[in-house]
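Enquirer: Let me give you the structure first, and then I'll get to my questions.
The values are calculated or read from the model by the stated rules, or taken from the named source; none is laboratory data. Note that the structure is predicted; figures quoted are calculated from it, not measured. Backbone-built Cβ (ideal geometry, glycine too); neighbour counts: all protein chains shown. For accessibility, only protein heavy atoms count, side chains too; no ligands or nucleic acids. Shrake-Rupley method; radii C 1.70, N 1.55, O 1.52, S 1.80 Å.
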Amino acid sequence: MAEQTQGAVPLSAVIADAATGVALALQGGGDPYALSRILRQGDPLAPAAVRVLGADALAPYALEHRAVPVGADDEAVVRQTLASYPPGADASGVSAWSYRGLVEATHTYLVSDARPWPRPPEVGTEWLDTDRWPRLAHRISQLAALALPGLAADLEEQLAARTDDLARGFVRAVRRRDWLQAAGVGRWLARLPDVPPTLGLDAGLAFVRQMGGGDPRVTLHVVAAQRFFGRGW
């Protein structure tokens, strides 16, 4: 999923456009959401962009609780993504979890009358207990797309025991002006119970969006935290 040759639209731009489209849909603007509508028609990078966004590519479908029918174009893009970019045997835990999250999202949010979706792969969870807090915050920020209703219940359960560590990671990311990491960790904190009131998560998320909103993925994480979990302004 490298950047493309000279003259072509880089993958980063395709991802940014798609993230912007998802965020707008979560805010309730525009036409009814369709994944295929926010991707460049016929763009060979579309499946790669969906793989990077992971479950967030399907997040707007969670708003309707399966009430919105899935078009054939959306289903085709997701199936192509899952077939083209499965995690290899040497894939990182983050890559494997991200793929699992996208598969879970298809089962949870997409209704298909065609062939069944793949089963979610088994992935390890030992790092949730053993990672020190800076490493944990880094990894979980990369899995922020899984902080959606009905997804990754096992992650949520184990992370609930490390809320204080994630709060430390959130503060550290803000201080380092790493807005994408701060937004990702903050989004997970928005989903978890017993977040320390002294953290000031709502104000913190609003600050992260203000400072890092030039990155569409930062905006997407903060909008999702507010839309699904009522945190942030």
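Enquirer: Can you spot a residue in the range 31-54 that is at pLDDT 95 or above and either closer than 16 Å to VAL111 by Cβ or of a type in the set (Lys, Arg) (or both)?
Expert: yes
Enquirer: Of everything in the range 20-41 that's in a helix (DSSP H, G or I) and among the hydroxyl-bearing types (Ser, Thr, Tyr), which residue is farthest from ASP215 (Cα to Cα)?
Expert: First, pick out the residues of the range 20-41 that are in a helix (DSSP H, G or I): 20-26, 35-38.
With the extra rule that they be among the hydroxyl-bearing types (Ser, Thr, Tyr), the set shrinks to 20, 36.
Numbers: THR20: 9, SER36: 22 Å.
Filtering first and then ranking leaves SER36.
Enquirer: Also, quick follow-up: Quick one: in the range 196-230, of everything that is of a type in the set (D, E, K, R) and in contact with a Gly (Cβ under 8 Å, 6 or more places away or on another chain), which residue is most open to solvent (accessible area, probe 1.4 Å)?
Expert: ARG209
Enquirer: Quick one: which helices (runs of 4 or more DSSP H) sit completely within the range 67-132 and have at least 3 residues that are within 18 Å of ALA153 (Cβ to Cβ)?
Expert: Hits in the range 67-132: 93-109, 127-130.
Enquirer: Sort out which residues of the range 129-173 are surrounded by 17 or more Cβ atoms within 10 Å (Cβ to Cβ) and without any contact (Cβ under 8 Å) to a residue 24 or more places away in the chain, and write them in order of number.
Expert: Across the range 129-173, the qualifying residue is only ASP131.
Enquirer: Is at least one residue of the range 179-190 basic (Lys, Arg), open to solvent by 10 Å² or more (accessible area, probe 1.4 Å) and touching a residue at least 24 places away in the same chain (Cβ under 8 Å)?
Expert: Filtering the range 179-190 for residues basic (Lys, Arg) gives 187.
Imposing the further condition that a residue be open to solvent by 10 Å² or more (accessible area, probe 1.4 Å) reduces the set to none.
No, the range 179-190 contains no residue that is basic (Lys, Arg), open to solvent by 10 Å² or more (accessible area, probe 1.4 Å) and touching a residue at least 24 places away in the same chain (Cβ under 8 Å).
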